[in-house]
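As structure tokens, the structure follows; a few thoughts come after it.
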Amino acid sequence: MKQTILVIDDEADICTSLQERLTREGYTVLTASDGRKGLRVYHDHLIDLVITDVLMPELDGLEVVRTLRRLGTAVPIIAMSGGGNRDLDFLVEAEEFGATRTISKPFRVGELVVMVHDLLYSLPHHAV
């Protein structure tokens, strides 16, 4: 059975490129353009891993991470944010809220693919 990944990002180009690459890697990929829509998709589907941008309109990625962890889900979450010192602070905050891993933009998509594979197949999942 294919693993399903949810990508949440307000930049359509990022959603599209991650969806295309992860689909080629054999995953089913769903996308959402903001945190509110992302949480709806999460609740409507069986999601194995979430990749979320931190800074988005409507509901940001920090709140997505916090909400998913409050629900008690152990789903792996990768938080991503643009470069710069302030964005690094957001990534640290994302980890504090329960993100499994973080990655700074810009990144090589191959680097993210390795991270996804490690989280889905190599690491044991524990309830948070």
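Every read-out reported here was derived from the displayed coordinates using simple, explicitly stated rules and does not represent laboratory data. In this text, all values refer to a predicted model and were calculated from it rather than measured experimentally. FYI the Cβ positions are ideal-geometry reconstructions off the backbone, even for glycines, and counts take in every protein chain you see.
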Next on the checklist: Counting C-alpha atoms alone, how compact is the range 4-122: give Rg to one decimal and Dmax as a whole number, in angstrom.
Outcome noted: 12.7, 35
Checklist entry - Sorting Thr23, Thr31 on the 10 Å Cβ count, fewest up front, what's the list? => result Thr23, Thr31
Checklist entry - Hey, fewest Cβ within 10 Å first, where do Val113, Val64 land in order? => result Val113, Val64
Checklist outcome for this item: Ranked on Cβ counts within 10 Å of their own Cβ, fewest leading, Ser33, Ser104 go Ser104, Ser33
Item to check | Residue-averaged 222 nm ellipticity for the chain, from DSSP H runs of 4+ at -39500 (n - 2.57), nearest 500 | outcome: -13000 deg cm²/dmol
Checklist entry - With each pseudo-label sitting 7 Å past Cα toward Cβ, what's the Leu46-Ala74 distance in nm, one decimal? => result 1.6
Next on the checklist: I'd like to verify something in the chain: which complete DSSP H helices, judged by Cα projection on the helix axis, reach 15 Å or more and average at least -1.0 on the Kyte-Doolittle scale?
Outcome noted: 12-24, 85-97
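Over the chain, what relative contact order in percent results from Cα pairs under 8 Å that are six or more residues apart?
Taking the mean separation of contacting Cα pairs over the length of the chain, I get 22 percent.
Could you give the length gained on full extension between His117 and Thr4, defined as 0.36 nm per residue of separation minus the Cα-Cα distance, in nm?
Length difference between fully extended and current span is 39.5 nm.
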